[in-house]
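Right, one structure below, let's go through it.
Every number here is computed from the coordinates shown, using simple stated rules; none is lab data. A quick note: this is a predicted structure, and the numbers were derived from the prediction, not measured. Please note: Cβ atoms are built from the backbone with ideal geometry, for glycine as well, and neighbour counts cover all protein chains shown.
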Amino acid sequence: MFGNKSVKKYLPLTEAWYYILLSLVETRHGYGIMQYVERISNGRVKIGPGTLYGALSKMEKEELIVMVLDDDKRKSYELSKQGKKILYYEIERLKELLLNGELIFTSIQEDFND
């Protein structure tokens, strides 16, 4: 269900990797990735420079992302075909988790409606 062996080795993604890949559906530079992630997570997820640039370096080395612009100040990245595939299967995995959780949610919800 979750793709071939080359995809499975990445799943499940860490939350940081998930949000980085999600942000690179569009071309972005490092600071833009940090801002985007914080915005779409309503401030819950903040990716620091160390985490971000370490992840970008590894993702680029493993050809999950590609650098599309390298000027003197900024490098911009976007997803490669393999990166899109991994993101797709991770979203499928998360959807399955959510659906399974929703099956029992109403049975436990009343315990938290104080």
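Things worth noting here:
- Amide proton proximity set for H29, modelled H, under 5 Å, gap of 5+: Y77
- Kirkwood-based shape ratio for the stretch 52-114, expressed as Rg/Rh from alpha carbons: 1.29
- For I65, the amide hydrogen comes within under 5 Å of the amide hydrogens of E60, S80, counting only partners 5 or more places away or on other chains and with H modelled in the peptide plane.
- In a DSSP loop and with at most 13 other Cβ atoms within 10 Å, the GluC sites (Glu not before Pro) in the stretch 16-114 are E26, E63.
- For the pair the stretch 72-96 and the stretch 10-39, the centres of their Cα atoms are 8 angstrom apart.
- The residues packed around I104, meaning those with a beta-carbon under 13 Å from its beta-carbon, carry a net charge of -3 if Lys and Arg are +1 and Asp and Glu are -1.
- Local charge for E26 was computed over the other residues whose Cβ lies under 14 Å away, with Lys and Arg +1 and Asp and Glu -1, and equals +2.
- Mean projection of the Cα convex hull over all viewing directions, computed for the stretch 22-61: 2.7 nm².
- Residue-averaged [θ]222 nm for the chain, counting only DSSP H segments that reach four residues, each worth -39500 (n - 2.57): -18500 deg cm²/dmol
- From phi via Karplus (6.51, -1.76, 1.60), per-residue ³J(HN,Hα) for the stretch 53-70 in Hz, x at Gly/Pro: 6, x, 5, 4, 4, 5, 4, 5, 4, 8, 6, 8, 9, 10, 7, 10, 8, 9
- Per the Debye calculation on the chain with a single equal scatterer at every Cα and no solvent contribution, log₁₀ I(q)/I(0) for q = 0.14, 0.20 Å⁻¹ amounts to -0.63, -1.06.
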